[in-house]
Each structure stands twice: as structure tokens, then as C-alpha cells.
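Peer 1: Here it is, the structure, as C-alpha cells.
The values are calculated or read from the model by the stated rules, or taken from the named source; none is laboratory data. What you see is a predicted model, and the numbers here were worked out from it, not measured in a lab. When we count neighbours, we look across all protein chains shown, and the Cβ atoms used for this are built from the backbone with ideal geometry, even at glycine. Quick note on the areas: whole protein, heavy atoms, side chains included, nothing else; ligands and nucleic acids left out. Shrake-Rupley method; radii C 1.70, N 1.55, O 1.52, S 1.80 Å.
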Amino acid sequence: MNTEETILALNKHFPALEAVSNRPLRVFTAFAEPKAFEETLRYANLTLGYHKGKHIIGTDEGENIGLSYIISNDEDVLLVLRERVPKSAPHVHSMGELYPSLMLHEREMVDLFGVQVSGLPEGPRYPLPDCWPDGEYPMRKEWNPAYFNKQTVTYEPPKQEDAK
Amino acid sequence: MSDYREKNKVVVQIGPQHPSLKEPGSFKITLDGEKVERAVIEIGYNHRGIEKACESRNYIQALYIIERVCGICSHAHTSCFCQAFEEIAGLEVPRRAHYIRGIVGELERLHSHLLWLGVASHEIGFDTLFMYTWRDRELVLDLLARIGGNRVNYGVNTYGGVRRDLEPELMQDILTVCDLLEEKLKYYADLALTETTLIARLRGIGTLLPEDVRKYSAVGPVARAAGIMDDVRITEPYGVFREIAVNGITDDHCDVYGRTLVRVKEMLEAIRLIRIMVKEIPDGPISVRPPRKLPVGESLSRVEAPRGEDIHYIRSNGGESPDRVRVRAPSEANWHGMSHMLEGFQLADVPIIIAAIDPCYSCTDRAIHLIGDGINQLTDWAQIRALSIEQYKARGIDPGSIKIREF
């Protein structure tokens with residue numbers, strides 16, 4: 001299935017996704033809510049033949065965390081499907097059953113963005129060390145590396161009074 | 001009986017620091033006798049926060065950080081990153097710059113595969129081949145040092161083109177090295193096809209079948225050794241590869257031996273491509289002026305690094321710094337299938353199976369040629385040999401009388 005056929009199929013079944021392409025072999029979609037996203041991912045895998053899980057890119061979207069799943073097919077089209085979850089309670093389901101290669105990237109979402117991934121099998125964390133402080137997610141925009149103490153492995157932002 | 005076997009299973013911890021590993025990685029191997037029953041892999045020891053660092057720096061600074069993602073395929077990373085930048089900026093890179101990027105990229109593939117062949121030989125106890133290949137790799141590293149001033153992290157790429165031009169004399173030397181290397185690589189290819197010890201040691205281990213390649217999304221030589229043509233230069237030609245066709249190399253052994261054959265043949269293909277690029281390189285400018293700020297936009301770029309498909313993502317919010325940078329290096333893709341490759345094989349095969357995906361590790365960077373200050377710190381092959389002879393003489397041994405073929 002080539003780029004144009006993918007866009008046609010997605011826009012027919014999931015018009016809210018607004019699938020577009022800005023160059024050959026790339027299809028980007030708009031952010032979707034988790035339930036709609038999971039439905040689209042299953043459709044892409046089981047019906048459109050996108051069976052290779054390439055990558056997950058986490059992004060800080062202000063009040064939300066964005067997760068862009070990059071999957072591919074035999075024609076090597078890169079399809080970017082996106083979901084958005086609130087930063088206050090970010091939770092998604094693991095897609096490891098469909099794409100075993102994405103599990104490592106899901107662990108990365110847990111460590112770097114603080115996204116809870118249910119259904120992820122037990123295993124070592126990735127990529128932060130075991131001593132990393134709980135509740136600190138370094139790829140969120142508000143996390144400032146200047147306040148991270150490498151010697152004590154602690155994150156110490158100035159208190160509100162100090163900042164004033 | 002089954003209870004007895006279950007109770008006698010042994011868990012062996014390999015790494016994160018271990019003599020058979022060239023980079024920190026942790027492998028918890030459950031053994032049934034000598035057979036690997038389960039492998040739990042823990043990586044991430046080299047995480048340096050490069051992507052976060054890029055977000056707080058301007059695009060030029062980010063490029064130098066990106067070059068240091070990897071000491072071996074640094075040019076592939078900057079090529080991919082520059083492509084993403086150029087796509088958002090709408091820059092038209094000059095043809096000569098594409099050719100120079102292509103030449104350096106294929107030289108990088110040569111030195112990366114030679115490095116791998118040496119490491120793999122060492123892992124199976126074939127240290128003679130290890131020394132031969134690393135000696136030959138020096139020829140390529142010397143060329144790269146002349147092009148960019150450094151053996152690794154050459155700093156050739158910039159947004160809109162390249163920073164270094166190739167003089168006719170240097171291009172002639174590139175062709176001379178290609179001739180020398182071709183002779184040696186044909187010998188190594190013959191060795192790989194006929195040396196029974198090498199074949200027996202590599203064949204049938206670390207198996208990854210085509211369906212496993214798809215399941216675990218393996219890339220590069222690992223995928224191509226399972227008969228799957230996974231080469232970005234062919235599936236999505238970029239830069240000079242839009243003009244010069246690459247002959248894809250595949251193999252159907254689906255094991256460590258297949259990965260060896262693919263890499264050796266790819267080196268011969270790299271030499272063919274370099275010769276064409278040097279012959280057909282057009283005259284003209286080598287760069288265009290890039291903007292300091294990028295318009296709002298995003299780009300997903302990819303190139304074929306020596307280890308496989310390298311993917312870079314840039315999202316711009318219209319400022320001087322990237323809003324988000326994400327690098328999916330090829331080694332990252334090949335880790336997914338590692339447990340599967342290890343399970344069912346012997347403990348003694350673990351080091352070579354791990355090495356067969358060519359996991360990325362940082363090469364010791366040493367600046368040997370400082371361009372522009374008149375100080376030449378280059379130590380050539382003859383000088384290294386003379387120094388070693390002096391050292392041996394100091395210990396009462398005279399190896400100078402031994403006749404060694406000069407290269």
C-alpha cells in the first residue's frame with residue numbers, strides 16, 4: 001500500500017485523523033484520543049499491512065503529552081499515528097502485542113515523560129538509571145537540567161520564595 | 001527429572017562491564033546446561049540526554065551535539081539531521097555537496113564494517129583477521145582525517161551542504177586507497193566463503209528469520225542477511241543516491257554468518273560507489289546559506305547508516321532552537337530481536353551473537369591532524385612500526401630483521 005492509498009484508506013475510515021503527506025513515503029495524522037488511536041493502530045496493522053513498529057516520539061504539548069507512533073509497511077511508507085493524553089494523568093495501553101519492537105520505546109515514555117503504560121511486561125527500566133528520583137521526567141519542558149545535581153542524583157528546583 | 005533440571009538452571013550475569021562487551025550493556029542469561037534459555041537485556045547505560053541538550057541550544061550547536069551521538073557513524077547522523085533541517089527550511093543543497101556527503105558516507109561505511117569485522121574476528125578468537133582488518137581500517141581513517149581533520153566526528157556536514165571541499169589530489173588518494181582496499185577485501189570475501197573454521201563458528205547461530213525481522217523491525221545488515229532488502233539508499237534514495245543506483249546486498253543464511261557475508265560484500269559495493277562518485281563529482285558550490293531560524297514545521301528524515309536505517313525527527317516552533325529532536329539510531333532498532341537471537345544457542349556464542357548486530361560504541365577520538373596551525377601530529381604506519389621496533393629493541397629483541405610485506 002503506497003502513500004496515496006494509505007491516505008485514502010485512513011481518511012475514509014477515520015476522517016477525524018486528517019491524514020496528509022508532505023513528501024513521498026510519509027503520512028502524518030492529527031492527534032487522537034487514546035481509544036480512537038488504538039482503533040486506528042489496529043486497523044493499520046491488521047488491514048493496511050503496517051506491521052513494522054519503528055519508533056515512538058514523545059512530545060510535550062503543554063497540558064498534554066503527545067505520543068507519535070511511527071509504523072511502516074513493506075513499501076517502506078512511514079505512517080505517523082498520534083495520540084494525546086493529559087499531562088496530569090497520562091495513561092496509555094501498551095501496543096507491544098501488535099508491535100513487540102515498540103515496547104522499548106514505551107519504556108522510554110515511562111521514564112522520560114512519566115506516561116503510565118498498562119499491559120507492559122515486567123522488565124528493566126529504560127533508559128534512566130535505577131537511582132533516578134521518582135516523579136522526575138526529564139523530557140517534559142518544565143524539567144530544567146540546571147536544577148539537577150549529578151553528584152547526589154537529585155532534582156532541586158528553587159522554592160517559590162527563593163524564586164521571588 | 002524435569003524438576004532436577006529446573007532446580008539446576010543457572011543465571012549468568014554478563015555486564016554491564018565485561019571483557020566480551022565493548023560498551024556497557026547488561027545481559028541476564030538463564031542457562032539450561034550450556035544452552036541459553038532466556039535472556040533479559042538491560043541497556044541505557046550510555047544515555048546522555050542529547051535530545052534534551054539540543055532543545056536548549058541553537059541549530060548550529062545542536063548539529064555538533066548530534067555528530068557525537070556515535071563515534072563511528074557520526075556522518076550518517078549529521079547527514080540525517082541536516083536533511084531534516086533542510087526539508088523544513090526548504091533548502092536546495094548543491095549537487096557537489098551531495099557527492100561529498102556520499103563519498104564521506106561510503107568511506108564511513110567502509111571503516112565501520114572493517115571495525116566490525118575486526119571485533120567479530122576477535123570475539124571468535126580469530127585475532128589475525130582482527131589485526132589485518134584494523135590495520136586496513138587505518139587507511140580509511142587517514143583519509144577521513146585529511147578530509148575533516150579528525151578520524152571520527154569529521155565535521156563535514158553543515159546545513160545547506162558541506163564545510164569541506166575535496167581537492168583533486170585528495171580524490172586521487174581516495175581512489176588509490178580504494179584500489180588497495182579492494183584487493184584486501186576480495187581476500188576477506190574469499191576467506192569468508194572458504195575458511196571452514198570461520199564458517200563453522202558463525203553459521204547457524206543468532207538466527208533471525210524473515211518473519212522475525214518483520215516482527216522485531218530489525219534493520220540494516222541484520223535484515224538484509226535474512227533476505228529482506230532494507231536499505232534506505234534503495235527504498236527512499238536521498239542525496240547522491242538519487243543519481244547513482246546502489247546494488248543492494250542480501251543473503252539468505254539468516255544468521256551471524258549471513259551478516260558477515262553481507263558486510264564484506266557491502267564494502268566492495270561501497271568502493272564501487274566511491275569510484276563512481278569521485279569520477280562524476282560535478283563542479284560548483286558546496287553549500288548554500290542556511291537560515292538561523294526555521295519556520296514552524298516538522299520533518300522525519302532517514303539515511304542508511306552502516307548499521308542500518310537511521311531516523312531523525314525535528315519539530316520547529318519557529319525559533320532558533322528545535323522544539324523537539326528525536327534520534328532513532330539503527331542499533332536501537334536491532335536490540336528488539338536480541339533476546340530471540342540469543343535464546344536456544346550456547347553460552348559461548350553469546351559474545352559473537354551480540355557483536356553480530358554491530359552494537360554501537362564510542363570510538364576513542366583523538367585529533368591527529370590540526371588543520372591550519374601548521375602542526376602535523378599525524379603518526380603514519382611506518383612511524384608506528386619504527387616505534388614498536390624501538391620498544392622491542394629496548395627489551396633485547398630485534399624484530400627489524402623480520403621481513404614484513406609493506407602496504
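Peer 1: If I build a Gaussian network model for chain B, linking alpha-carbon pairs within less than 10 angstrom, which residue out of B:GLU211, B:GLU23, B:GLU123 has the largest mean-square fluctuation?
Peer 2: In the Gaussian network model the winner is B:GLU211.
Peer 1: Given the DSSP H assignment, sum -39500 (n - 2.57) over each helix run of at least 4 residues in chain A and divide by its residue total; what's the result at 222 nm in deg cm²/dmol, nearest 500?
Peer 2: Working: 4 runs with 39 residues, N = 164.
Mean residue ellipticity, 222 nm, calculated: -7000 deg cm²/dmol.
Peer 1: Along its three principal axes, how long is the stretch A:3-128 when you only count alpha carbons? Whole Å, largest extent first please.
Peer 2: Cα extents, longest axis first: 39, 29, 23 Å.
Peer 1: Please give the net charge around B:PRO19, taking every other residue with its beta carbon less than 15 angstrom from that of B:PRO19, where Lys and Arg add +1 and Asp and Glu add -1.
Peer 2: On the way: positive: B:LYS22; negative: B:GLU23, B:GLU123, B:ASP127.
Local charge sum for B:PRO19: -2.
Peer 1: Pairs to check: A:LYS87/B:LYS52; B:LYS184/B:LYS279; A:LYS52/B:LYS293; A:LYS35/A:LYS87. Give those whose C-alpha atoms are more than 24 Å from each other in this structure.
Peer 2: Table pairs above 24 Å Cα-Cα are A:LYS52/B:LYS293.
Peer 1: Among B:ALA382, B:ALA200, B:ALA245, whose mean-square fluctuation peaks in a Gaussian network model of chain B (Cα, cutoff 10 Å)?
Peer 2: Maximum among the listed residues: B:ALA382.
Peer 1: When N counts the residues of the protein assembly as shown, how does its alpha-carbon radius of gyration compare numerically with 2.2 N^0.38 Å, as a ratio? List each step's numbers first, then the result.
Peer 2: On the way: Rg = 24.5 Å, N = 571, 2.2 N^0.38 = 24.5 Å.
Taking the Cα Rg and dividing by 2.2 N^0.38 Å, one obtains 1.00.
Peer 1: Which residue fluctuates the most in chain A, going by a Gaussian network model with Cα springs under 10 Å, if the choices are A:SER88, A:SER68, A:SER101?
Peer 2: Checking each option, the largest mean-square fluctuation is seen for A:SER88.
Peer 1: Ordering A:THR152, B:THR235, B:THR158, A:THR59 from largest to smallest accessible area (1.4 angstrom probe), what's the sequence? Don't jump to the answer; show the numbers that get you there.
Peer 2: Numbers: A:THR152 80, B:THR235 45, B:THR158 25, A:THR59 5 Å².
Largest accessible area first, the residues go A:THR152, B:THR235, B:THR158, A:THR59.
Peer 1: So how exposed is B:LEU347, as accessible area in Å² (1.4 Å probe, rounded to 10)?
Peer 2: It works out to around 40 Å².
Peer 1: Among B:ALA120, B:THR176, B:TRP335, whose Cα lies farthest out toward the positive end of the dipole of chain B, if unit charges sit on the beta carbon of Lys, Arg (+1) and Asp, Glu (-1)?
Peer 2: Most positive-ward Cα: B:TRP335.
Peer 1: Where in chain B lies the longest segment free of trypsin sites (Lys or Arg not before Pro) that are both loop residues by DSSP (not H, G, I, E, B) and have at most 11 other Cβ atoms within 10 Å? Could you put the intermediate results ahead of the total?
Peer 2: Values: sites that count: B:ARG48, B:ARG292, B:ARG366, B:ARG395, B:LYS403, B:ARG405.
Counting only loop sites that pass the neighbour cut-off, the longest clear stretch is B:49-291.
Peer 1: Can you give the helix-only mean residue ellipticity at 222 nm for chain B, where every DSSP H stretch with n ≥ 4 adds -39500 (n - 2.57) and the sum goes over all residues, rounded to the nearest 500 deg cm²/dmol?
Peer 2: Values: 16 runs with 194 residues, N = 407.
Value at 222 nm, helices only: -15000 deg cm²/dmol.
Peer 1: Just add up the charged neighbours of A:MET139: K/R +1, D/E -1, any other residue whose Cβ is under 11 Å from the Cβ of A:MET139. Walk me through the numbers on the way to the answer.
Peer 2: Values: positive: A:ARG140, A:LYS141, B:LYS52, B:ARG324, B:ARG326; negative: A:ASP60, A:GLU108, A:ASP111, A:GLU136, A:GLU142, B:GLU51, B:GLU55.
Around A:MET139, the surrounding residues sum to -2.
Peer 1: What whole-number distance in Å separates the alpha-carbon centres of the stretch B:149-194 and the stretch A:77-142?
Peer 2: Using only Cα atoms, the two centres lie 40 Å from each other.
Peer 1: I've got another one for you. Can you pull the accessible area of B:CYS82 for me, 1.4 Å probe, Å² to the nearest 10?
Peer 2: Only protein atoms counted, so the area is about 0 Å².
Peer 1: So, counting K/R as plus one and D/E as minus one, what does the shell of residues with Cβ under 11 Å around A:PRO86 add up to? The partial results should precede the final answer.
Peer 2: Values: positive: A:ARG84, A:LYS87; negative: A:GLU33, A:GLU61, A:GLU63.
So the environment of A:PRO86 carries a net charge of -1.
Peer 1: So for the stretch B:50-333, what percent of the C-alpha to C-alpha distances run longer than 29 Å?
Peer 2: 33
Peer 1: Separate question: Rounded to whole Å and ordered largest first, report the semi-axes of the equivalent ellipsoid of the stretch B:3-136 derived from its Cα gyration tensor (root of 5λ).
Peer 2: Working: eigenvalues 315, 100, 28 Å².
They are 40, 22, 12 Å, listed largest first.
Peer 1: Could you put B:LEU91, B:LEU193 in order of accessible surface area, largest first, with the 1.4 Å probe and the full protein assembly present?
Peer 2: Details: B:LEU91 35, B:LEU193 100 Å².
Largest to smallest exposure gives the sequence B:LEU193, B:LEU91.
Peer 1: Another one. So which lysines can B:LYS7 reach, going by Cα to Cα under 16 Å and dropping same-chain residues fewer than 8 places off?
Peer 2: B:LYS7 reaches B:LYS35.
Peer 1: Continuing with the same structure: Please list 3J(HN,Hα) in residue order for the stretch A:100-114, calculated via the Karplus relation 6.51 cos²θ - 1.76 cosθ + 1.60 where θ = phi - 60°; whole Hz, with x for glycine and proline.
Peer 2: So the J values, rounded to whole Hz, are x, 6, 8, 5, 5, 6, 5, 4, 5, 4, 5, 6, 8, 10, x.
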